[in-house]
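Take a look at the structure set out below.
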Amino acid sequence: SQTIHQWPATLVQPVGSPLSLECTVEGTSNPNLYWYRQAAGRGLQLLFYSVGIGQISSEVPQNLSASRPQDRQFILSSKKLLLSDSGFYLCAWRASGGETQYFGPGTRLLVL
Amino acid sequence: DAKTTQPTSMDCAEGRAANLPCNHSTISGNEYVYWYRQIHSQGPQYIIHGLKNNETNEMASLIITEDRKSSTLILPHATLRDTAVYYCIVKSAGNNRKLIWGLGTSLAVNP
């Protein structure tokens, strides 16, 4: 069966520091991968998605970036965090040719 | 930009059926209705989806009206662990990658 992992689970970072969040998927090949952010009390906002290695599409302009160095690895990064980057970051995968997205456990980021 | 409308909150007694409504009056012919739920501090969990026909799985039933402008998610015997925010989402089939998330319905199951 397929599983999706995210780490770290929680993170507290100072403003201006770099960020690297990792997501990995097991049990599937060539998945579509997604990064979402959820601000407190809000719905999910799609940040990036990827249909394959090295292929990244950005949904919103921001100081975040994403990379997909391996088929089942998706990384969310920032060179300098802002206070507004605080939130709950969720990675999701969808089988190639499938319809349903499945979510990871999330990373809660607090920027101080 | 959510295409769905849901009540902000609902209550349900433990053991009773929870019926969560969703309006999607502008739904297109090729758009599916998806339901997810999010328990506090966890990632969203897929529940069920449908196009035209009613659907049932081990978690819930989905009833879609004939005109497809609304649907109801039914949890037949709600438990305390079903307390969560329930999201109703419409999504086109195929390569459409976006799930447009609203604020969902916060369901409280009470003992």
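What the table below lists for this structure:
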| item | result |
| --- | --- |
| Residue check for residue B:17: in contact with a strand residue (DSSP E or B) (Cβ under 8 Å, 6 or more places away or on another chain) and more than 21 Å from residue B:101 (Cβ to Cβ) | yes |
| Every pair of residues 6+ apart whose Cβ atoms lie under 9 Å, when the first sits in the range B:75-92 and is buried (at least 19 other Cβ atoms within 10 Å of the Cβ) while the second is of a type in the set (Phe, Trp, Tyr) and in a loop (DSSP other than H, G, I, E, B) | B:87/B:101; B:89/B:101 |
| Selected residue (criterion: surrounded by the most Cβ atoms within 10 Å (Cβ to Cβ)) from residues of the range A:81-101 that are modelled with pLDDT under 95 and at the interface with chain B (Cβ under 10 Å from one of its Cβ atoms) | A:101 |
| Of residues in the range A:6-37 being under 11 Å from the mean Cα position of the chain (by Cα) and surrounded by fewer than 20 Cβ atoms within 10 Å (Cβ to Cβ), the one modelled with the lowest pLDDT | A:7 |
| Residue that is nearest to the other protein chains (Cβ to nearest Cβ) [pool: residues in the range B:1-27 that are polar (S, T, N, Q) and within 22 Å of residue B:77 (Cβ to Cβ)] | B:6 |
| Selection status of residue B:106, farther than 27 Å from residue A:57 by Cα and assigned to a strand (DSSP E or B) | yes |
| Scope the range A:1-14; condition more than 13 Å from chain B (Cβ to nearest Cβ) and touching a Lys or Arg at 6+ places or on another chain (Cβ under 8 Å); matching residues | A:11 |
| Among (1) in contact with a helix residue (DSSP H, G or I) (Cβ under 6 Å, 6 or more places away or on another chain); (2) on the phi > 0 side of the Ramachandran plot - the single one residue A:111 does not satisfy | (2) |
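Yes/no matrix, rows are residues, columns are (1) over 14 Å from the mean Cα position of the chain (by Cα); (2) part of a loop (DSSP other than H, G, I, E, B); (3) more than 10 Å from chain A (Cβ to nearest Cβ):
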{"residue": "B:37", "(1), (2), (3)": "no, no, yes"}
{"residue": "B:43", "(1), (2), (3)": "yes, yes, no"}
{"residue": "B:53", "(1), (2), (3)": "yes, yes, yes"}
{"residue": "B:66", "(1), (2), (3)": "yes, yes, yes"}
{"residue": "B:73", "(1), (2), (3)": "no, no, yes"}
{"residue": "B:81", "(1), (2), (3)": "yes, no, yes"}
{"residue": "B:86", "(1), (2), (3)": "no, no, yes"}
{"residue": "B:90", "(1), (2), (3)": "no, no, yes"}
{"residue": "B:98", "(1), (2), (3)": "yes, yes, no"}
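The values are calculated or read from the model by the stated rules, or taken from the named source; none is laboratory data. In this text, all values refer to a predicted model and were calculated from it rather than measured experimentally. Please note: Cβ atoms are built from the backbone with ideal geometry, for glycine as well, and neighbour counts cover all protein chains shown.
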